[in-house]
Amino acid sequence: MSTDTRASVHPSKRILVAAWAVPVMVIGKFGLLSGIPIAVVLVASLRKGRSKALRWWSGALTLAYATPLTMWLAGPSQAPSLSKYMDFTTTAALAAAGIATAIAHQVVRRRSTGK
């Protein structure tokens, strides 16, 4: 793998921090605010990343987030926040998707640096 290819696939520390922030924020009951690091991860994987795996993982995380968000906003729910709207299963699934995405980014980073 050439140096140019490594640099283009290599996720930055900002992206790794954003990826790991998602499950922490979801579990910490900051469901709506977790959309910010999800957007950062998605945009970075679409713009910089040449790895299709990172795009798929980021897309899956975005879909896992968009589904309860859309249901909360469009549905007849009286829940005052997204975190209160999500039940334990939805929270666990979204946190698991965040962890899987963060691990995928971490693995790509380690493979691209050779560490």
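The values are calculated or read from the model by the stated rules, or taken from the named source; none is laboratory data. The structure displayed is predicted, hence computed values, not measured ones. Note: ideal-geometry Cβ built from the backbone for every residue, glycine included; neighbour counts use all protein chains shown. To get the accessible areas, we keep the full protein, side chains included, count just its heavy atoms, and leave off ligands, DNA and RNA. Shrake-Rupley method; radii C 1.70, N 1.55, O 1.52, S 1.80 Å.
List of remarks:
- Candidate set from segment 45-58 (those that are open to solvent by 30 Å² or more (accessible area, probe 1.4 Å) and within 11 Å of the chain's Cα centre (by Cα)); member that is nearest to Ser83 (Cα to Cα): Trp57
- Checking each residue in segment 91-103 for being more than 10 Å from the chain's Cα centre (by Cα), open to solvent by less than 50 Å² (accessible area, probe 1.4 Å) and touching a residue at least 12 places away in the same chain (Cβ under 8 Å) picks out only Thr91.
- Single condition Ser34 does not satisfy, out of (1) within 10 Å of the chain's Cα centre (by Cα); (2) farther than 17 Å from Ala21 by Cα; (3) hydroxyl-bearing (Ser, Thr, Tyr): (2)
- Candidates in segment 1-39 are the residues that are at pLDDT below 80 and buried (at least 16 other Cβ atoms within 10 Å of the Cβ); of these, the one that is nearest to Ala93 (Cα to Cα) is Pro11.
- So Leu42, is it part of a helix (DSSP H, G or I), buried (at least 17 other Cβ atoms within 10 Å of the Cβ) and under 14 Å from the mean Cα position of the chain (by Cα): yes
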